[in-house]
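One structure is given below, encoded as structure tokens.
The values are calculated or read from the model by the stated rules, or taken from the named source; none is laboratory data. From a predicted model like this one, the values you see are computed outputs, not experimental measurements. Here the Cβ positions follow ideal geometry from the backbone for every residue, glycine too, while neighbour counts run over all protein chains shown.
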Amino acid sequence: MKQLLAVIALLTAAQFTHAQITVNNNQTPEELVQNVLLGFGVTATNITYNGSPVSAAQIQGNVTFFDAAGTTFPINSGVLLTTGNGIGAIGPNTIGSFTDNNPPTPNVATDPHLNAIANAAPTNGAVLEFDFIPSGDTISFNYIFGSDEYPEFSPSTFNDAFGFFLWGPGITGPYVLGGYPNGGENLAIIPGTTVPVTINNLGPGVGQYPQYYQDNQGGSAFGNAIQYDGTTVTLSANASVQCGQTYHIKLAISNVGDQSYDSGVFLQANSFASEAVQVAVATVSGDTTVIEGCSTAELQFIRPQSQIGDTLIINYDISGTATNGMDYPLLPNPVTFLPGDDTLTLTIDPIADGIPDNMEFITITTTTITVCGDTIISSGTLWIIDSVDINVSAPDPIAYCINDSIQAVATVLSGGEAPYTYAWNDANSQVGDTAYLPTIQNATSGTVDYIVTVTDDCGYTGQDTVTITLDQTLSIDSFFVQDASACDPTGAASAFYSGDSTNALNGLEWFFEGPGQPGANQVTASVITNVPSGWYYVSLSDAVCQVWDSVFIDLLNPPQAQFTPPSANGCSPVQVSFVNSSQNTVNYLWDFGDGSPTETATNTTHSFTQSSTVTLIASDATGCADTAYAQISVVPCGCTDPNATNFDPGAVQDDGSCFYPTPEVTAPNVITPNGDEINDLFTLDTKNTTNIRLTISNRWGNLIYESEGPNPAWDGTNQGGNDVEEGVYFYYYEATGVEEQVITGHGFVHVER
């Protein structure tokens with residue numbers, strides 16, 4: 001099952017290409033020891049890989065250089081020994097079972113010292129050995145062990161192991177090697193114990209010293225830096241030695257139990273050192289040049305791990321053309337290592353004094369006298385400049401086709417202080433090192449210039465001009481068109497072109513597409529035939545470009561059905577005369593939409609008693625037809641006035657048929673206005689009236705009362721409000737009906753009290 005998981009893991013890991021640490025195989029094991037691993041106070045000889053001498057050409061994939069600068073991995077760079085290929089350590093941590101089960105050959109097939117540590121036979125791995133002479137009385141180096149066996153196979157029978165086995169004067173131990181009768185010891189042990197660092201001995205479980213374990217599943221410990229699911233913390237291998245004597249060390253790692261799930265040990269660069277203090281000067285970006293008032297550098301004093309238990313005072317010399325305390329803040333001297341410190345850091349921040357100094361430099365030098373009496377000198381130099389020229393390169397692209405835009409990329413070749421910002425002077429004011437810039441418009445050839453401005457972290461700028469050259473030669477020049485018959489697909493179109501660029505692999509490619517269902521009226525040629533009328537779109541591609549155009553295939557004398565009126569409305573019956581004005585037609589068919597028989601006349605008249613849609617199908621001599629329509633609305637008609645006697649609530653249009661009743665008036669001939677509320681008032685009985693004008697006169701013709709309204713009432717008083725005498729009085733009225741007709745009447749009334 002574990003082997004199956006390993007294969008699946010390898011296939012899955014192949015999908016991820018983004019790496020945080022970098023690993024390269026451009027150095028041999030011998031070069032890695034001499035140029036990367038060794039620090040101060042150590043010389044190495046007789047370097048072998050898996051028991052054999054190595055030449056300059058023997059590069060091995062499981063002994064490689066790694067660089068973790070810019071990541072959260074605690075060791076910046078060094079030598080990586082793995083059970084598979086070194087590239088298998090590259091992050092991010094994407095799966096829990098990564099395996100590169102195609103390790104380089106030769107690989108370790110058996111090793112008695114690893115076997116003793118793991119209690120099992122190793123299966124594949126790497127063994128790097130060499131002799132060395134220390135200049136001091138201690139030797140030390142830093143390392144981190146990581147594995148994809150963590151955490152699910154910790155502990156298990158798959159006890160991937162490694163060891164740093166040391167033999168030489170004053171060294172005793174259980175690891176037998178010819179020429180060293182006292183045996184050797186393993187320096188890769190858990191701090192404060194004699195227990196070897198292995199998958200089973202150090203891990204996340206109880207009794208496995210979890211304080212020295214880091215879980216990296218999903219990148220929880222180091223982000224995207226490495227692939228391994230778990231690692232140790234940074235550990236130190238230390239030993240007491242005799243200066244000037246020859247020692248032998250074996251750095252070994254191997255799978256145990258199978259060849260699945262990679263493991264690796266990261267050895268810190270220059271940490272294999274003895275009895276010396278090293279001086280390192282570098283900027284954040286790693287170079288040795290800073291800019292006044294902008295960038296800073298770090299001055300580091302580094303001592304071997306074997307010395308960190310003591311207090312150490314270091315005096316150092318400062319030389320160079322830059323003045324301490326004037327061109328940069330005053331540096332303290334001496335510096336003191338307290339117990340537990342292996343690195344002291346001083347920050348050098350050059351002062352922007354505005355004085356042109358050209359290039360100045362600072363050199364820091366320390367001198368260490370070893371217990372053997374040897375003098376070891378370490379120095380570092382930092383260069384200070386006033387300003388910087390930023391050299392920007394943005395290549396000039398050539399566009400062979402009319403496009404909306406073309407990609408342009410700007411690169412800082414030299415100068416300046418990262419990070420850089422980029423600004424383009426295009427219409428969109430793009431930012432970033434990559435921009436998409438329009439070519440010249442409304443032309444197929446010519447140039448257009450854009451400027452990219454790069455600004456560094458100090459505010460210095462550099463520029464370059466990007467010239468986009470448009471050189472399109474391919475074009476569709478014209479079309480020959482044959483119009484289509486009205487109802488037959490007899491149309492055709494042919495395209496003419498020029499300026500193609502073809503080769504053996506890329507010939508001309510045509511594509512015509514017209515109206516209809518998908519796939520209909522399509523050809524991959526420059527000519528399309530026997531197609532109906534409509535728009536046709538054509539594309540032409542050659543080896544470098546693609547162009548588009550369109551052409552319209554028209555109709556030959558198409559039939560056009562038309563007539564007047566296009567609409568009519570009225571009360572039933574609606575009589576409509578239709579006048580035919582169709583074009584290119586000879587036969588006609590009228591359908592009135594009301595169930596009546598169709599007609600074939602040119603013009604026609606029809607009476608409608610219901611709303612209908614009229615259809616005219618007009619066809620030519622070949623039977624090709626066109627259709628026109630008219631809407632006829634027949635509405636209910638009647639009297640729409642609610643005041644009329646014959647009001648029709650269902651009518652929507654008045655037909656003038658409303659008639660109204662005649663007003664009727666009846667008058668009493670006696671009243672008795674004596675206050676008993678019986679027959680006290682003179683009122684008219686009316687019917688079908690809207691207004692009454694009433695006057696009352698005495699026998700001599702004098703006006704006693706006058707009023708107008710819906711139904712005036714006389715109470716037997718005169719205009720002064722006094723009761724009239726008993727006797728005969730005359731009345732006159734004008735009555736208005738609902739249709740404004742007026743009737744009049746008169747008579748007399750007796751007043752009795």
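Here are the numbers for this structure:
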quantity	calculated
The stretch 21-47 residues that are closer than 27 Å to Thr375 by Cβ, paired with ones that are at pLDDT below 95 and acidic (Asp, Glu) (beta carbon under 6 Å, 6 or more apart)	Gly41/Glu275; Ile47/Glu30
Qualifying residue in the stretch 378-386 (condition: crowded, with 18+ Cβ neighbours inside 10 Å and not in a strand (DSSP E or B))	no
Top-ranked residue in the stretch 204-241 [being β-branched (Val, Ile, Thr) and in contact (Cβ under 8 Å) with a residue 60 or more places away in the chain; ranked as farthest from Asn76 (Cα to Cα)]	Val241
Count - residues of the stretch 119-140 that are touching a helix residue (DSSP H, G or I) at 6+ places or on another chain (Cβ under 8 Å), modelled with pLDDT of 90 or more and not aliphatic (A, V, I, L, M)	1
Checklist (1) surrounded by fewer than 13 Cβ atoms within 10 Å (Cβ to Cβ); (2) under 23 Å from Glu734 (Cβ atoms) applied to Val665, failing item	(1)
Failed criterion for Asp341 (all others in (1) assigned by TED's automatic domain parsing to the domain that holds Thr296; (2) farther than 30 Å from Thr43 by Cβ; (3) surrounded by 13 or more Cβ atoms within 10 Å (Cβ to Cβ); (4) out of contact with any strand residue (DSSP E or B) (no Cβ under 6 Å at 6 or more places or on another chain) hold)	(2)
Which numbered condition Arg693 fails, given (1) touching a residue at least 24 places away in the same chain (Cβ under 8 Å); (2) of a type outside the set (Val, Ile, Thr); (3) in contact with an Asp or Glu (Cβ under 6 Å, 6 or more places away or on another chain); (4) part of a loop (DSSP other than H, G, I, E, B)	(4)
Residue ranges of strands (runs of 3 or more DSSP E) in the stretch 227-303 with at least 1 members at pLDDT 90 or above	230-232, 235-240, 247-256, 263-268
Counted residues, the stretch 676-690 - those being assigned to a loop (DSSP other than H, G, I, E, B), surrounded by 13 or more Cβ atoms within 10 Å (Cβ to Cβ) and either without any contact (Cβ under 8 Å) to a residue 24 or more places away in the chain or of a type in the set (S, T, N, Q) (or both)	2
Of all residues in the stretch 441-461 being surrounded by 13 or more Cβ atoms within 10 Å (Cβ to Cβ) and of a type in the set (D, E, K, R), the one that is modelled with the highest pLDDT	Asp456
Meets criteria (β-branched (Val, Ile, Thr), surrounded by 15 or more Cβ atoms within 10 Å (Cβ to Cβ) and free of Cβ contacts under 8 Å to residues at least 60 places away in the same chain) for Val724	yes
Selection from the stretch 475-532 of residues that are of a type in the set (Asp, Glu) and either in a loop (DSSP other than H, G, I, E, B) or closer than 30 Å to Asn584 by Cβ (or both)	Asp483, Asp488, Asp500, Glu513
Answer residue from the stretch 384-417, given it is modelled with pLDDT of 85 or more and among the polar types (S, T, N, Q) and is nearest to the chain's Cα centre (by Cα) among those	Gln407
Residues being in contact with a Phe, Trp or Tyr (Cβ under 8 Å, 6 or more places away or on another chain), surrounded by 14 or more Cβ atoms within 10 Å (Cβ to Cβ) and at pLDDT 90 or above - total across the stretch 729-746	3
Of the criteria (1) surrounded by fewer than 16 Cβ atoms within 10 Å (Cβ to Cβ); (2) touching a strand residue (DSSP E or B) at 6+ places or on another chain (Cβ under 8 Å); (3) at pLDDT below 95, which one Val206 fails	(2)
Of all residues in the stretch 169-226 being of a type in the set (A, V, I, L, M) and not in a loop (DSSP other than H, G, I, E, B), the one that is nearest to Asp131 (Cα to Cα)	Leu177
The listed residue being in contact (Cβ under 8 Å) with a residue 12 or more places away in the chain and more than 30 Å from Thr473 (Cα to Cα), out of Ile406, Ile369, Ile318	Ile318
Answer from Pro395, Pro419 - the residue that is in contact (Cβ under 8 Å) with a residue 60 or more places away in the chain, surrounded by fewer than 16 Cβ atoms within 10 Å (Cβ to Cβ) and under 20 Å from Thr455 (Cα atoms)	Pro395
Complete set of residues in the stretch 141-163 that are crowded, with 24+ Cβ neighbours inside 10 Å and outside any loop (DSSP other than H, G, I, E, B)	Phe141, Tyr143, Phe145, Gly146, Ser147, Ala161, Phe162, Gly163
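Results for (1) modelled with pLDDT of 90 or more; (2) farther than 30 Å from Asp488 by Cβ; (3) buried (at least 18 other Cβ atoms within 10 Å of the Cβ), shown as yes or no for each residue.
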position	(1), (2), (3)
Pro559	yes, no, yes
Gln562	yes, no, no
Ser567	yes, yes, no
Ser572	no, yes, no
Val576	yes, yes, yes
Asn580	yes, no, yes
Asp594	yes, yes, no
Thr602	yes, no, no
Thr613	yes, no, no
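Residue-by-condition table, conditions (1) of a type in the set (Ser, Thr, Tyr); (2) surrounded by 21 or more Cβ atoms within 10 Å (Cβ to Cβ):
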| residue | (1), (2) |
| --- | --- |
| Thr193 | yes, no |
| Gly219 | no, no |
| Ile226 | no, yes |
| Gly230 | no, yes |
| Val241 | no, yes |
